[in-house]
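Notes follow the structure.
Read the figures in this text as sums done on the coordinates, not as results from a lab. A quick note: this is a predicted structure, and the numbers were derived from the prediction, not measured. In this analysis, Cβ positions are derived from the backbone assuming ideal geometry, glycine residues included, and neighbour counts consider all displayed protein chains.
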Amino acid sequence: MPDISLTDERDLLQKVALGDGDAYTILFRHYSGQVYDVAMLYLRDSGLAREIVQEVFMKVWLKKADMQQVKQFKDYLFILTRNHIYDGFKKQVVRLKAHDFHLRNQPEAQNDTDHLLLQREYDAILDKAVSGLPPERKKVYLARKQGWSNEEISRQLNISVHTVKKQMSLAMHAVRAFVKARLQNDIVPFLLFLLLLRK
């Protein structure tokens with residue numbers, strides 16, 4: 001699809017601000033692919049990425065009166081998409097933390113099969129994240145999880161303490177990124193499944 005000139009884009013945005021559905025459709029067809037690409041960059045799931053496209057452009061339509069103030073629609077869409085995805089991550093993390101807090105504060109007898117199944121899902125995601133680490137980084141991460149100090153890891157693996165700290169930092173970043181990316185794919189649908197079973 002050929003690029004839209006800045007003048008044409010501003011004209012379309014002005015029309016969208018006035019509720020012009022045809023102008024909105026033109027912008028959607030032109031930019032939906034770029035929103036999809038950004039969503040895929042963060043989520044790596046085509047189904048979720050398509051949902052993000054629909055949700056982002058729904059926000060554009062709901063905020064159509066603001067469109068006449070937008071200078072660069074491409075940049076506006078990128079920020080809108082990124083923030084929408086981040087907000088989704090934050091909401092899921094809060095929900096999962098609340099769920100975990102609820103389980104931890106129940107009497108032992110009530111920590112039933114659902115809790116065990118959910119814990120297995122967590123463990124499976126964490127195992128996948130760790131197994132994908134480079135060998136040396138994986139050794140550092142696992143040693144630290146066993147309670148070894150940086151100095152002990154340094155001696156055992158024959159690397160400097162600085163290297164231990166750097167590898168641990170990289171490992172934690174990679175593991176967190178992997179788990180975040182899998183929240184929507186694995187844990188949240190699994191939680192919904194469990195809730196449906198209990199109804």
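Below, the figures for the structure above:
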{"read-out": "Separation in nanometres of the label points that stand 7 Å from Cα toward Cβ, at R176 and R44", "value": "1.7 nm"}
{"read-out": "Counting all C-alpha pairs of the stretch 1-71, share separated by more than 19 Å (%)", "value": "36 percent"}
{"read-out": "Computed lengthening from Q34 to K165, 0.36 nm per intervening residue step minus Cα-Cα distance", "value": "43.4 nm"}
{"read-out": "Karplus-derived 3J(HN,Hα), 6.51/-1.76/1.60, for each residue of the stretch 136-147, Hz, glycine and proline x", "value": "5, 5, 5, 4, 4, 4, 5, 5, 5, 5, 7, x"}
{"read-out": "Two-site label geometry, E151 and M58: point separation in nm, points 7 Å out along Cα→Cβ", "value": "5.7 nm"}
{"read-out": "Cross-link pairs K15/K59; K74/K166; K15/K74 - those with Cα-Cα distance over 27 Å", "value": "K74/K166"}
